[in-house]
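A quick write-up on the structure given underneath.
The values are calculated or read from the model by the stated rules, or taken from the named source; none is laboratory data. Because the structure is predicted, anything quoted here is derived from the model rather than measured. Quick reminder, even Gly has a Cβ in these numbers, built from the backbone with ideal geometry, and neighbours come from all protein chains shown. Side chains are part of the model used for accessible areas, which takes the heavy atoms of the whole protein and leaves out ligands, DNA and RNA. Shrake-Rupley method; radii C 1.70, N 1.55, O 1.52, S 1.80 Å.
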Amino acid sequence: MIALVTGASSGIGRDIARSLAKHGINVIITARRRDRLAELKKELVENYGVKVMCISADLSKENQVLKLYESVKKYNIDILINNAGFGVFGEFTDTDLERELDMLDVNVKAFHILFKLFTQDFKRRGCGYILNTASVAGFLPGPLFSSYYASKAYIVRMTQAVAEELRVCHSGVHVSMLCPGPVSTEFNETARVKFRSFSANSEKLAERAVREMFAGKLLICESGFHKALIMAMKPLPDRLLAFGARLVQVAREQL
């Protein structure tokens, strides 16, 4: 098997690439930072003996997203880890517009392009696995993190909808969404915010994500608590969810 992992230079993407390699799966890893990809390739080849290809790409650029797809489709990818993304923290009236638009290009546009193209390929072949990295944030409004929360809501709803379409036509394609809470990764520095609350371990989360993806689970969380939290939020009014989410964000320290 061979997997494409986006956002593989750090955090969840890097650890999912490691987990896949442990299972003997060859990986194509992509991110902007070529040096980080080279380091990860060396580690995976030496530790697990898998084949690794590095592709440097800026997924905020549509032409590079399409170029990435065109360059890997000949390898008959079996697994897409649609993970690339980042956040922008702050009051909506204060955050930088260009940075937010770059974020939406990665979190929404690049996600959508890769999700669509690989789902089409996998459906034609009748098999394949797709893991989209969403978040608990995708289930509620997010004052002080508004555009990031909204982008994750897009991933949640798209994944749910496509999973249902595939179920109805009895497709062999399995679609999952990873919905963690705060995780100890470089996401914090990129978003320019410090999380004071508990953060999950990225390596353990990645192992769980890969295991449950292969089990065909749609919703993947780092614990039963977070899955129960998502279920408990559903009947609550949006205004109450927004109020609670803002209290969580205010407890964070902006860098």
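Can you work out the FRET efficiency for the pair H23 and N76, with r the C-beta to C-beta distance and R0 = 22 Å, to the nearest 0.05?
For H23 and N76, the calculated efficiency is 0.75.
Based solely on its DSSP helices, what 222 nm [θ] is calculated for the chain when runs of n ≥ 4 H residues each add -39,500 (n - 2.57) and the sum is averaged over all residues, nearest 500 deg cm²/dmol?
-15500 deg cm²/dmol
Rg/Rh for the chain to two decimals, with Rh computed the Kirkwood way over all alpha-carbon pairs.
My calculation puts Rg/Rh at 0.95.
Computing the accessible area with a 1.4 Å probe over protein heavy atoms, can you report the carbon and sulfur percentage for the stretch 1-128?
48 percent
Using 7 Å Cα-to-Cβ label points, what is the C127/M53 separation (nm, one decimal)?
2.0 nm
Could you grab the relative contact order for the stretch 19-159? Cα pairs under 8 Å, six or more apart, rounded to a whole percent.
21 percent
For F145, what residues show an amide H to amide H distance below 5 Å, using hydrogens built from the backbone and excluding near sequence neighbours?
Counting only residues 5 or more places away or on other chains, the set is G90.
Long-range amide H contacts for M53: which residues qualify at under 5 Å (H placed 1.01 Å from N, peptide plane, sequence gap of 5 or more or a different chain)?
Answer set, sorted by chain and number: V27, I28, I29.
At R0 = 22 Å, how high is the FRET efficiency between E91 and L247 if r is their beta carbon distance? Nearest 0.05 is fine.
0.90
So what is the relative contact order of the chain, in percent, for Cα pairs below 8 Å that sit 6 or more residues apart?
Relative CO of the chain lands at 19 percent.
Would you mind getting the accessible area per residue of the chain, heavy atoms of the protein chains only, 1.4 Å probe, in Å²?
49 Å²
Sequence neighbours fewer than 8 away in the same chain don't count; with that in mind, list the lysines whose C-alpha is under 16 Å from K41.
Partners found: K22, K51.
Which chymotrypsin sites (Phe, Trp or Tyr not before Pro) in the stretch 88-148 pass both tests, a DSSP loop state and at most 16 other beta-carbon atoms within 10 Å?
Sites meeting the loop and neighbour criteria: F92.
Please list, or write none, the lysines whose alpha carbon is within less than 16 Å of the alpha carbon of K109, excluding same-chain residues fewer than 8 places away.
Result set, ordered by chain and number: K61, K67, K152.
With θ set to phi - 60° and the Karplus curve 6.51 cos²θ - 1.76 cosθ + 1.60, what are the ³J(HN,Hα) couplings of the stretch 133-141 in order, to the nearest whole Hz, using x for Gly and Pro?
Computed from phi, the couplings for the stretch 133-141 are 7, 10, 4, 4, 4, x, 10, 7, x Hz.
So what is the relative contact order of the stretch 1-64, in percent, for Cα pairs below 8 Å that sit 6 or more residues apart?
This gives 32 percent for the stretch 1-64.
Show which aspartates and glutamates lie in cross-link reach of K116 when reach means a straight Cα distance below 19 angstrom and same-chain residues fewer than eight apart are skipped.
Qualifying aspartates and glutamates at Cα under 19 Å: D58, E62, E70, D78, D105, E164, E165.
Label points 7 Å out from Cα along the Cβ direction at R167 and M1: separation in nm?
Between R167 and M1, the label points sit 2.2 nm apart.
What are the residues whose amide H is under 5 Å from the amide H of I2, where those residues sit 5 or more places off or on another chain and H is modelled from the backbone?
Amide H neighbours of I2: D78, I79.
Considering only DSSP states other than H, G, I, E and B, which GluC sites (Glu not before Pro) in the stretch 1-97 qualify as loop sites with at most 16 other Cβ atoms within 10 Å?
E91
Quick check: convex hull over the Cα atoms of the stretch 73-174, volume per residue in Å³, rounded to an integer?
Roughly 86 Å³ of hull volume per residue.
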